[in-house]
Structure formats: C-alpha cells, structure tokens
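To start, the structure itself, in structure tokens.
What follows is calculated from the coordinates using simple rules that are stated; it is not laboratory data. None of the values given here were measured: they were computed from a predicted structure. Note: ideal-geometry Cβ built from the backbone for every residue, glycine included; neighbour counts use all protein chains shown.
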Amino acid sequence: SLSWGMHAELEKYIGRMPLIALLRYRQDVDGERGAQTDLRLTAGIYSGGGLNAGIFAQTTWADAKSTRYYHGISAQLSASSGLAAYDAQGGALFNAAGLLWSYDLSRQWMLLGSVETRQLRGDAVDSPLTQQSRNRYGSLGLAYQF
C-alpha cells in the first residue's frame, strides 16, 4: 500500500549523544485502511568507522478505520470464518523498543537494519485474530544517498 502524511523530527544532544524525537502521521491512500500516528524517541549509542547505532522506544496509535481493517471482524467475515464478530475501535495500537543501525558502504550507499520487539495495546490485543500480543521484528535494507 501507499500512504501520505507528516513527519517531524527534533534532534538535541546530551554531550556527544544525539537524542531524536520523531512524530509521524500517515494516512493510507486506501481509505479503508485508516491512519496511524507514531511518537518515537531514539538515543544514539555508537558512531564510528562508518557504523551508527541507536536504541529507540515508540508508541503508535491508530484511528478506528485502521484498527478495524487489521484487527476487526465484520459480521460477514464472522459468518464465513466462524470467528466472533469484533468491532475494534481506535486508540493505542502498540509499543515498540529496539535497536537501529546504519553502516556506510561508500559515500552514497549504506546498509540499514533494525531489530525490535512490539507489544500490542488497546483493541488489537482483544481481537480474535490476535494469536500473540508480543512479537519480534527485524529488517535489513540498502539505501542510496543523493
């Protein structure tokens, strides 16, 4: 899918350690999928030899459309699946904490990665679709800087 929105960051330093506060709002272009808002705080813990690393904590909220799309069960779906109907509402969606890093391969290319743990909150936890309320996630990517 594709989304549009707003992304704002504020960076401050405590000595040599960067602290970054991020506020992000995103609305999916498919109106059925709704919108989510993130608040994240990242602290830089290492920088040297092309490697940068930080730890972060994040909380995410979802509007009712988003929570229903991913965690709700309509009456029609309930009838065909045998799962109980569930009208998920908006509000707190999950908390996350983890490690993110980047490594400069050259002046323009870098590897990016992260590992995190997420804990569902709000109506997402009580959804009949939810089998686990906590999970781990990892990512690895390649980026080109202009």
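Structure values in brief
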quantity: FRET efficiency, 1/(1 + (r/R0)^6) with R0 22 Å, evaluated for R134 and Y46 via beta carbons; calculated: 0.25
quantity: Cut-off 11 Å between beta-carbons: net charge of the residues surrounding G98, Lys and Arg +1, Asp and Glu -1; calculated: +2
quantity: Net charge of neighbours whose Cβ lies under 13 Å from the Cβ of W61, counting Lys and Arg as +1 and Asp and Glu as -1; calculated: +2
quantity: Proximal charge balance of T117 [Cβ under 13 Å; K/R count +1, D/E count -1]; calculated: +2
quantity: Rg/Rg_globular for the stretch 14-145, with Rg_globular taken as 2.2 N^0.38 Å and Rg from C-alpha atoms; calculated: 1.30
quantity: Alpha-carbon gyration tensor eigenvalues x 5, square-rooted, for the stretch 68-146, Å; calculated: 37, 14, 10
quantity: Note, ³J(HN,Hα) from phi for the stretch 95-102, Karplus 6.51, -1.76, 1.60, rounded to Hz, x at Gly and Pro; calculated: 10, 9, 8, x, 10, 10, 8, 9
